[in-house]
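These notes are about the structure you will find just below.
Every number here is computed from the coordinates shown, using simple stated rules; none is lab data. Just so it is clear, the structure is predicted and the values come from calculations on it, not from any experiment. Neighbour counts are summed over all protein chains in view; Cβ atoms, including those assigned to glycine, are modelled from backbone coordinates with ideal geometry.
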Amino acid sequence: MRIVYIFICLTITVSCNKVKSDGNFFNAKNLSKKRILIDSIMMDTLNFEAVDSSFDGFLRIDDKNINFIDSRFGWFFTFDVNGQLISKNLGQGAGPKEINTGFIDAYTKLSNGKHMFIGSGYDVHIHNEDFEREKILIMQWDLKNEANEITPDNLNPEMHRLYSPDYSNFNLQEISTNEIYFPILAKHRFFNKLNSKRYFEESRILAKLNLDSKKIESLEGRKSREYLKYSFLSNYDFFDYQHSLKNEKTFVTYEVDSLIYVYDKNFSNLYSFGNSGKHIGNTDFYEYKGGINNEKEFMEAFINEKSRTGFYKNMKYFEDEDMLIRTYYIGDSRTQDGMQVYIENELIADVRVPKNFKVIGRIGDYFYSNVVTNEEDNYFKCYKFKLENVK
């Protein structure tokens, strides 16, 4: 089951053996350009055929179809572009064509056609193209050279013991035929977003999992240096990323930073690009100073203070056109957010979209959004749109 960390310390001290951050994460050239070609987009709604579902899950684009992965029941629904059900596979169980993850926290289809699911206990499930179970493995974190008890004096940000998967941001990206990136989060009492400035300076953001050895091979990346301009932006710790197998590049965006950072396969910063959101509004970010002992204040700030500000959210990269689409949250707007479209690092569109909108993929000329569910009325839908005159 999902691992929960409990903080039992209120303050921290600065370690005398502090590990310095590598300076090669944010120092490459800024290649930002801007040439607006699109002022607005027409949004269509795609309603899916009614199915027996928990309505707790997510959409994924696969070739010419749209899949809904039901996280709670384990069903894998496949729909055509008109929203009609094509097939229903898996479901929770121990059979060869069932899945026994319990809750499905993450999913991706690998380039070899196989399906990869991750449950809440570091369990990884691989099924073939016909949904037959091939293997189950448990992630192996490298703890052998780490102290069992971490103190401010022996804490090293490279310690695997500090991290766990970021379940609120479990975006899987394939980086080779047997390697996967996934986001991680440190919640140790001496190293966390609520009371540790060192966390924003040196914490890693991604883990690399080898599917053959089952081992976490390395921890990659850093938080944007924009976080260091504030005391504690604890409520703005989200980032999103995309990896291009074809170009061997990783793109990273952070909530408080208008730039998008591009890294090579060794996670060295190649370049950056990005423009401030045209409609983003208030960016007077709330600095949380309550420490780890005031959960109520933290949650109130997350709900009330954060919603008043604008910040950058999700993105999707399309290799063939070197196109990246990024969305951002518009503070104090209940119905709309913003979306930027970049081609070859050049901003060509900055438009308004529905609230909490996220692009998940494309089929033909249409781009599709994340799922919008309504359990009471027994339906779910998504949005789709075209981009005209992008050249």
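Remarks
- A simple spin-label model places the labels of I38 and D80 2.6 nm from each other, with each point 7 Å out along Cα-to-Cβ.
- In the chain, taking the dipole from charged Cβ atoms about the Cα centre, the farthest positive-side position among I86, P96, N145 is held by N145.
- For the residue pairs K193/K306; K29/K223; K144/K249, alpha carbon separations beyond 22 Å are given by K144/K249.
- Ranking L206, I184, S196 by how far each Cα lies toward the positive end of the dipole of segment 129-219 (charges on Cβ) leaves S196 at the top.
- Segment 85-141 shape via C-alpha gyration tensor axes, a/c threshold 1.5: prolate
- Charged side chains reduced to their Cβ positions (Lys and Arg at +1, Asp and Glu at -1) give the chain a dipole of some 880 debye around its Cα centre.
- Average projected area [Cα convex hull, segment 36-155], square nanometres: 13.2
- When W75, W141 are sorted by how many other C-beta atoms sit within 10 angstrom of their C-beta, beginning with the fewest, the order is W141, W75.
- Dividing the radius of gyration of the alpha carbons in segment 149-305 by their Kirkwood radius gives 0.97 for Rg/Rh.
- Each peptide in 87-98, 250-261 was scored by the mean count of other Cβ atoms within 10 Å over its residues; highest first, the order is 250-261, 87-98.
- Cross-link reach list, aspartates and glutamates versus K97, counting only Cα pairs under 14 Å and skipping chain neighbours closer than eight places: E129, D130, E132, E134
- Label-point gap, in nm, between N65 and D153 - each point 7 angstrom along Cα→Cβ: 6.0
- Figure legend: label point modelled 7 angstrom from the Cα of E297 along Cα→Cβ; residues of segment 197-216 with amide N under 16 Å from it are 197.
- Under 13 Å from the Cα of K64 - aspartates and glutamates, other chains or at least 8 residues apart: D80, D365
- The Cα atoms of the chain cover 61, 53, 41 Å along the three principal axes, with the biggest extent listed first.
- Assigned charges on the beta-carbon of Lys, Arg, Asp, Glu; segment 17-96 dipole about Cα centre (debye): 820
- The residues neighbouring K215, those whose beta-carbon lies less than 10 Å from its own, together hold a net charge of -1 under the Lys/Arg +1, Asp/Glu -1 convention.
- Here segment 233-353 is assigned +1 on the Cβ of each Lys and Arg and -1 on the Cβ of each Asp and Glu. Its dipole about the Cα centre then comes out at about 220 debye.
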